[in-house]
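Student: The following block contains the structure, expressed as structure tokens.
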Amino acid sequence: MVLLEKTKFLEELNILFNTSQSSGSVRITMKLLLLNKGPKDQKLKIEVPKEKVCLIRATFKNKKLSTRITADEVSSFQEEYCTLLKNSLSSLKKTKKLKKKVMS
């Protein structure tokens, strides 16, 4: 898995979206990054870091990308990410609504 800076991550994510339009799908996961301290052989307590960090991963077939976003960078990253999603998710199918029959 490749750990990238946020701008490079968004560029690579855009490429993944463009290649996946013909076939396949991109899976994106976001989670709070928790840091463990101490050796692995002892029972560890999970400690939340002082500065909260979000880990974002994207996978498409065999290509995997990831980035870390700090609490200060969240708003700027979210704006760029939302515009990327709006531009890339144009191929979603609209669902047809079924009309309910009115009983008299």
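Student: Going through region 25-34 one residue at a time, which ones are under 15 Å from L65 (Cβ atoms) and either of a type in the set (F, W, Y) or assigned to a loop (DSSP other than H, G, I, E, B) (or both)?
Tutor: Those that are under 15 Å from L65 (Cβ atoms) and either of a type in the set (F, W, Y) or assigned to a loop (DSSP other than H, G, I, E, B) (or both): S25, V26.
Student: Please enumerate the residues belonging to region 7-52 that are in contact with a Pro (Cβ under 9 Å, 6 or more places away or on another chain) and modelled with pLDDT under 80.
Tutor: Quick first cut of region 7-52, residues in contact with a Pro (Cβ under 9 Å, 6 or more places away or on another chain) only: 33-35.
If the condition is that a residue be in contact with a Pro (Cβ under 9 Å, 6 or more places away or on another chain) and modelled with pLDDT under 80, then L34, L35 are the ones that fit.
Student: Further, regarding this structure: Only one residue in L65, L84 is touching a residue at least 40 places away in the same chain (Cβ under 8 Å) and touching a Phe, Trp or Tyr at 6+ places or on another chain (Cβ under 7 Å), so which one is that? Outline the logic, then answer.
Tutor: Values: L84 fails: touching a Phe, Trp or Tyr at 6+ places or on another chain (Cβ under 7 Å).
Testing whether each residue is touching a residue at least 40 places away in the same chain (Cβ under 8 Å) and touching a Phe, Trp or Tyr at 6+ places or on another chain (Cβ under 7 Å) leaves just L65.
Student: Right, here's the next one. Quick check on region 62-92: of everything there that is in contact with a Lys or Arg (Cβ under 9 Å, 6 or more places away or on another chain) and of a type in the set (S, T, N, Q), which residue is nearest to S22 (Cα to Cα)?
Tutor: This residue is S66.
The values are calculated or read from the model by the stated rules, or taken from the named source; none is laboratory data. Remember, it's a predicted structure, so these values are computed and weren't measured experimentally. Every residue, glycine as well, gets a Cβ built from its backbone with ideal geometry; the counts of neighbours run over all protein chains shown.
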